[in-house]
Amino acid sequence: MSGRKLVAIAFVLVAVCLFSGLASAQDKLVRIGAMYPMTGRSGLYGMDSVAAAEMAIDEINGKGGVAGYKLDIVFTDSKSKPAYAVRVAERYITEDKVHFLFGVVSSGVGLAVTEVSKQNKVIFIGTDHAATELTLDNYQPYYFRVSNNTFQSMTAGAMYLKELQKERPWKTITYIGPDYAYGHSQLEEIQYNLKRFGVEYQLISKYLPKLYEPDYTSYITSIIKDKPDVLVCGFWGGDTVAFIKQAKAYGLFEKMLYFHPDAGGNYELMSAMEGEMPAGLVLSARHHNNWPDTESNRKYVAEFKRRTGRYPTYAAEGAYAGIYAIAKAVEKVGNPDNSAALIKALEGLQIKLPEDPEGFTSFIDSQTHQIVQMQAIGISEPNDKFPPAKMMLGKWKIYKAEDLLPPKELLEKRMKK
Amino acid sequence: MASSSKYKFGLLWSVGFVAFALVPVLMTSRYQMNLASHILIWGLFAVAFNMLWGVTGMLSFGQALYFGIGAYSIGLFVNHAGKAWYLPAIPIGLVAAAMLSFLLGLLVIRVSGVYFTMLTLAFAQLAWQVTFKWYDFTGGDDGIQGIIAPGILANKMVYYYFVLVVVFISVWFLKRLAYSPFGLILRCVQQNPNRVRFIGRSVKMNQLRIYVISSVFAALAGSLMVGVDNSIHTDMLFWTTSGEVILMSVLGGINQFFGPFVGAVILILLEDIIGAKTEFWPIFLGTIVLIFVILFPKGVVGEIQHLRHRLKIAGESGGRHETHASA
């Protein structure tokens, strides 16, 4: 009995010791504390973000770092839990003395971490959470976001629908999206923008199933009965895959136009659906593996594939952009310690990213600290250059970055809060 | 004999207090103080919960409801009525928790065993769902951020000592309660409810009392948490929060008053150390918890007590020196 106990205790001790590797202490480091979900349904977003951030760091450090500093990043699983992420952020700031907080997939976690960043005056680079609140209602000077928010994608979406009305007259819309802030705000924002652009339409029904709902059958049959011209969808991740698989069996895509402008065009969907992916769906995402067809994007996608053995989802490019934004800001200021100067450097920062087409460079809006990028909306069509996907997006329509920003009166109203 | 154990206990009590009080003095970074605040608050929550489960035998799977009420009372008042409401919102939250637990208690104690557990879970999930969906009022799943304690409490170190004092007074009170005549009746409710009736006491009345008391302290823990994290969210009301205090109690030992507190220390430290080292934390955390539960079925504190007891017997019968027992 006691022998068995001893063995087990030894086992625990070994397990604990395994993790307590000594942190290497080098001088002249730009320390970045990243939080991503590595488990659960959003785990792939976290894994891809981590891989892309490491890739960017290797590229930069390979060239000798910036301003005499090497970049150094630590990762912790945020578990998608705000309270836990707050604790991790506190640890990063006070123990690891990070210069930047980084990451986060869930907007709920993002909102909690931005508060820690504000209290401690440590810059937080948001890479992949889309809630517009972070750069409007909850704006704080230490927060910057380096991927488009839902307002930008829904503005592009509304523009697309407006143009579509001329080619293929449509009148009615049904909306389906997850029942939490992300799903609700997309609906609000597409309605706001359609109204702003003077589009005449009717929202005939809306459905808000819970996040991670496994069975959409009842929603699908109701949508088919409603007979909308356009189905606007606001799912992300595994929910999109599950919905499309189930809706295909009911022939939903032959009965209406499927329109999914925020996260629908994620490569995750194309690779998960393989041969089952329907053609003719109108989708977009924050980054596409086959658009823009530039040297920079091809190189980024190929390098990611070489390192991980898979093609990147859009989350990866957000993290990649975040690292480059940090590097550029530190280069401008000359050190990572002066946060006031770093904020100045990040405001209005121009940064050439894989997702930028020829002739355009992404930049950070100095008023909201939101990155301003182009949005490309495409239609699914056969393309097997990115296996296991059998379909990719094509027939692109491109929306100018400047046109996607919130109008002045909305900015003033929401930033005043 | 009794006075010496009392003396020993007082010593233990002061050592614990001094250890926690020294954290801000000895810490190498402010994070350790943050971690210690989490341990204190979860410790209080777990001890309060165990008054229900370990002492009275009522396994509530819905104490997150009251933890959330304590936190949301502050969050909602500050958000809707202004910053000045931070401190008044704490007693308001406690009264709200007392009233709600009294009303719900009347319903849930009508059943026992697994039915009681399920009902408490159902009510807590109901409250979670309402909080999750009512965007205009509760902030929905985004939660509420930027809730700063007023005056000197905004200073993290002052707040830490505030938490320390409140938690120690509360735990001391609960400890007194657990070993009072009322506590004995509660144990009797668990072990032999019929006998409670025979001696002319009401089982339901005592169950209701402890349900309200435990819930009020859960709410107090929730309200203390606000000042540590400065933000609240619906997770606080979710069933996993209730599950966490159950796990803490199991780890530490449900039959020991301080078991859940020790369980909170272990779980929070493990979560923190492993979470920082690997993304495969669920495997390691799960394995370690499994080993704990298999090796220490009475919980860590329970097993230590058991070991001490055996050493004492061995020491007395074998004529060995008694100082070994102090381990």
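The values are calculated or read from the model by the stated rules, or taken from the named source; none is laboratory data. Because the structure is a prediction, the values reported are computed rather than measured. Here the Cβ positions follow ideal geometry from the backbone for every residue, glycine too, while neighbour counts run over all protein chains shown.
One residue is enough: does the range A:69-78 have a residue meeting the conditions of a type in the set (Gly, Ala, Ser) and within 21 Å of residue A:287 (Cα to Cα)? No - not one qualifying residue is present in the range A:69-78. Restricting to the range A:45-86, count the residues that are away from chain B (no Cβ under 13 Å), among the charged types (D, E, K, R) and not in a helix (DSSP H, G or I). Total satisfying the criteria: 3. Scanning the range A:84-97 finds no residues that are aliphatic (A, V, I, L, M) and over 29 Å from residue A:180 (Cβ atoms). Applying the condition of being within 17 Å of residue A:40 (Cβ to Cβ) and buried (at least 16 other Cβ atoms within 10 Å of the Cβ) to the range B:279-305 and asking which residue is farthest from the other protein chains (Cβ to nearest Cβ) yields B:285.
Tallying residues that are at pLDDT 90 or above, in contact with a strand residue (DSSP E or B) (Cβ under 8 Å, 6 or more places away or on another chain) and more than 9 Å from chain B (Cβ to nearest Cβ) within the range A:114-134 yields 7. Taking the range B:232-248 as the range and being within 11 Å of chain A (Cβ to nearest Cβ) and either in a helix (DSSP H, G or I) or surrounded by fewer than 24 Cβ atoms within 10 Å (Cβ to Cβ) (or both) as the test, the residues that pass are B:234, B:235, B:236, B:238, B:240, B:241, B:244.
Among the criteria (1) within 14 Å of chain A (Cβ to nearest Cβ); (2) farther than 27 Å from residue B:252 by Cα; (3) not aromatic (Phe, Trp, Tyr), the one residue B:36 does not fulfil is (2).
Being without any contact (Cβ under 8 Å) to a residue 40 or more places away in the chain, in a helix (DSSP H, G or I) and β-branched (Val, Ile, Thr) is the requirement here; does residue B:95 meet it? Judged against the criteria, residue B:95 is a match. Please go through the range A:25-44 and pick out each residue that is more than 12 Å from chain B (Cβ to nearest Cβ) and either at pLDDT 90 or above or part of a loop (DSSP other than H, G, I, E, B) (or both). Within the range A:25-44, A:25, A:26, A:27, A:28, A:29, A:30, A:31, A:32, A:41, A:42 qualify. Each residue in the range A:97-113 was checked for being under 21 Å from residue A:70 (Cα atoms) and at the interface with chain B (Cβ under 9 Å from one of its Cβ atoms), and 1 pass.
Of all the residues in the range B:143-152, those that are more than 14 Å from chain A (Cβ to nearest Cβ) and touching a residue at least 40 places away in the same chain (Cβ under 8 Å) number 1.
Entry remark, the range A:92-119: residues being without any contact (Cβ under 8 Å) to a residue 40 or more places away in the chain and either crowded, with 23+ Cβ neighbours inside 10 Å or assigned to a helix (DSSP H, G or I) (or both) number 10 in total.
Taken together, A:161, A:194, A:231 contain a single residue that is closer than 29 Å to residue A:133 by Cα, in contact with a Ser or Thr (Cβ under 9 Å, 6 or more places away or on another chain), away from every other protein chain (no Cβ under 14 Å) and of a type in the set (A, V, I, L, M, F, W, C), which is A:231. All of B:267, B:251 fail the test of being touching a Gly at 6+ places or on another chain (Cβ under 7 Å), modelled with pLDDT under 95, in a helix (DSSP H, G or I) and within 14 Å of chain A (Cβ to nearest Cβ), apart from B:251.
Filtering the range B:126-142 to residues that are surrounded by fewer than 19 Cβ atoms within 10 Å (Cβ to Cβ), more than 9 Å from chain A (Cβ to nearest Cβ) and assigned to a helix (DSSP H, G or I) leaves B:126, B:129, B:130, B:136, B:137. Applying the criterion of at least 1 residues that are over 27 Å from residue B:14 (Cβ atoms), at pLDDT below 95 and of a type in the set (Phe, Trp, Tyr) to the helices (runs of 4 or more DSSP H) found wholly in the range B:154-204 leaves B:193-198. Report yes if some residue within the range A:174-183 is farther than 19 Å from residue A:32 by Cβ and without any contact (Cβ under 8 Å) to a residue 24 or more places away in the chain; otherwise report no. The answer is no, given that none of the residues of the range A:174-183 is farther than 19 Å from residue A:32 by Cβ and without any contact (Cβ under 8 Å) to a residue 24 or more places away in the chain. Of note, residue A:214 satisfies the criterion of being more than 18 Å from the chain's Cα centre (by Cα), closer than 22 Å to residue A:270 by Cβ and not polar (S, T, N, Q). Residue B:279 fulfils the conditions (1) within 13 Å of the chain's Cα centre (by Cα); (2) not in a helix (DSSP H, G or I) except for a single criterion, (1). The condition of being surrounded by fewer than 20 Cβ atoms within 10 Å (Cβ to Cβ), under 20 Å from the mean Cα position of the chain (by Cα) and not aliphatic (A, V, I, L, M) holds for only one of A:299, A:352, A:390, A:328, that being A:352. For the range A:174-192, the criterion of being over 25 Å from the mean Cα position of the chain (by Cα) and either outside the structural domain of residue A:108 (by TED's automatic domain parsing) or modelled with pLDDT under 95 (or both) is met by no residue.
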